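Heads up, the thing below is written out as structure tokens.
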Amino acid sequence: MTAMLSIGGLWKSFAGFVATRDVSFELLAGETHAVIGPNGAGKTTFFNLITGHLRPDKGSVSFEGRDLVGLPPQKIVRLGIARSFQRINIYPRLTVFENVQVALIAHEGQQWNLFRPGRSLHREGTQELLELVGLAPEALETAGELSYGKQKQLELAIALASQPRLLLLDEPTAGMSPQETGETIASVRDIVKARGLTLLFTEHDMSVVFGIAERISVLHHGVIIASGTPDAVRNDPEVRRVYLGEHGHV
Amino acid sequence: MPQRRHLIASAIVVLLLALLPLAGSRYAVDLTTEVLIYVLFALSLNVIIGFTGNISFGHAAYFAIGGYACAILLTTYGWPLALALPAAVVLAGLVAAVVGYFCVRLTRIYFAMLTLAFAMLVWGVAFKWKEVTGGDDGFTGIKMPEMISHHVGYFYFTLVMVSLGVAALWVICHSAFGLTLVAVRENSVRAGFIGVDTRHMRWAAFTVAGTFGGLAGALFGMYHRGMYIENAFWTESAQVLIMVLLGGIHSFVGPIIGAAVLYLLQTFTNQYTPYWPTVLGLILLVIVMVLPDGLIGLVRRVKARGGRS
Ligand SMILES: Nc1ncnc2c1ncn2[C@@H]1O[C@H](COP(=O)(O)OP(=O)(O)O)[C@@H](O)[C@H]1O
Ligand SMILES: [Mg+2]
């Protein structure tokens, strides 16, 4: 398999604090890959560097052979990388429906259409996405008034609306009840399979990670200390020492 | 879809307005002409305020550019109205595009201050460029086309122009562009991550606002047969801003109501007292303290209460 995303020698520091330290990483097309590590390990920063939210101090990020460093988020999305956020990042005062509808409008480049009525566009597509993530009954509710778990689902629907080839999910189940977690993960897995997506995600729930990841990378203090199949990572002595040990048996 | 209902309601309003001259009151006709002009001016400003969430403190600049340009082209250069008016509107839009290019790099108070700074520059040009603009004597004696030189003719002309302008703004605000602007306003980071170039969107909104502000200004100049540097002054920008806030920024019709109410209040206040600035201060106080979402918000709240009981 070929690498869809290649990252080489990536560095990022905040006021002297190194959050990403010489990270090199390859993501294969079609794989489901988890990035794990304790809080503050630098997982979110890593996602921010890939998606253009932050600019790396040094290093390269290339997606399907294209250099992403320096591109703004909107250009990177258009290349086929969409993401969800660990901290809810939606339009809280718009309806659930509009949250997704606007993403579809943007995906089609229709944000420059000054004549077509916005609300009449992509009604079916929006409805389908809401059904996919189980939010159809809440379509007309104000997004900010949804439960935390449902706002997370909405994050997912918005990301999917950009029809990415690479999907980045930053802690998609954080704050969800066990039941919501199970449902979300099941639907993510189905969507990824049905659409042939490459998935890169971070997750604190180890049963989720070991349940769906084909490969796992472990970040610790901004360094990738191990990368490989779940079995290889599970049995890696360094990983057990710094991370999995704390989480008990996995 | 409430669209059809809106269309019928608007048609009725326009029709009723069209009947106004039959009442035979010159005063009413003139007053309404001016209200219509301010309605368009306020609506144009709300494309920036309501739809991008930034406050412009210099919208009078585009009003003045449209007004002066139309007046000068008609009078100094003898252009026909059919050329002078579109040219003035395009010029206002172009200047807005240039100014907006810089302004949309900033947000919040920095954005507001930059719009103010550019507007003061425009005022400075109108003041200093005496041979073209008439300086602080104003540009007077505009040559009006025969057809609209009578006050009733001008009223109908304004009614048609403002109706077209309002209709165009309605379409733009409810378009895919308008909906995306709302997303940018609500969460510009998220909007970036769905593939929207938020700065370009805000730039386009600024340009649209300046263009229609220019049309309002052109109508204003011809109505008064003159343009004056006060029309470019920051107090003019403040006034239209208050109209928008008074009506309510998060609704399309809000600024229409705000413009009409504020203008009429000003006119009537001026008949009885010289204290309009004081009254204006009180109005502002009321907006800030009890009407944060304007008169439209008040109407909605009353309606919601009525619906419940
Ligand atoms: N924008 C920022 N400014 C300053 N420090 C930051 C910023 N973003 C992240 N950090 C710091 O970088 C480290 C890694 O954070 P983060 O990437 O959020 O970790 P994780 O997602 O693995 O929990 C933390 O110590 C955090 O405080
Ligand atoms: Mg994180």
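The values are calculated or read from the model by the stated rules, or taken from the named source; none is laboratory data. These numbers were taken from a predicted model, which means no experiment stands behind them. For neighbour counting, all protein chains shown are included, and Cβ atoms are generated from backbone atoms with ideal geometry for every residue, glycine included.
List of remarks:
- All of A:VAL35, A:VAL61 fail the test of being assigned to a strand (DSSP E or B) and within 12 Å of ligand 2 (Cβ to nearest atom), apart from A:VAL35.
- Filter pass, B:LEU31 being at pLDDT 95 or above, touching a helix residue (DSSP H, G or I) at 6+ places or on another chain (Cβ under 9 Å) and farther than 23 Å from B:HIS150 by Cα: no
- Summed over region A:209-229, the residues that are part of a helix (DSSP H, G or I) and either among the acidic types (Asp, Glu) or in contact with a Gly (Cβ under 9 Å, 6 or more places away or on another chain) (or both) give a count of 0.
- Checking the stated criteria, A:LEU49 turns out to be under 18 Å from the mean Cα position of the chain (by Cα), within 15 Å of ligand 2 (Cβ to nearest atom), surrounded by 15 or more Cβ atoms within 10 Å (Cβ to Cβ) and in a helix (DSSP H, G or I).
- The listed residue being of a type in the set (D, E, K, R) and within 16 Å of ligand 1 (Cβ to nearest atom), out of A:ARG123, A:ARG93, A:ARG87, A:ARG116: A:ARG87
- Of the criteria (1) modelled with pLDDT of 95 or more; (2) more than 18 Å from A:ARG83 (Cβ to Cβ); (3) surrounded by 14 or more Cβ atoms within 10 Å (Cβ to Cβ), which one A:ASP67 fails: (3)
- Residue match in region A:40-47 (condition: touching a residue at least 40 places away in the same chain (Cβ under 8 Å), within 15 Å of ligand 1 (Cβ to nearest atom) and under 25 Å from B:THR180 (Cβ atoms)): yes
- With respect to (1) among the small types (Gly, Ala, Ser); (2) within 16 Å of ligand 1 (Cβ to nearest atom); (3) touching a residue at least 40 places away in the same chain (Cβ under 8 Å), the lone exception for A:ALA29 is condition (2).
- Residue list for region B:180-189, filter: facing another protein chain (nearest Cβ under 7 Å) and surrounded by 24 or more Cβ atoms within 10 Å (Cβ to Cβ): B:THR180, B:ALA183
- Only one of the numbered conditions (1) outside any loop (DSSP other than H, G, I, E, B); (2) within 14 Å of ligand 1 (Cβ to nearest atom); (3) hydrophobic (A, V, I, L, M, F, W, C); (4) closer than 30 Å to A:GLU145 by Cα is not met by A:ALA19, and that is (4).
- Boolean, A:GLY149 is more than 16 Å from ligand 2 (Cβ to nearest atom), free of Cβ contacts under 8 Å to residues at least 40 places away in the same chain, surrounded by fewer than 17 Cβ atoms within 10 Å (Cβ to Cβ) and in a helix (DSSP H, G or I): no
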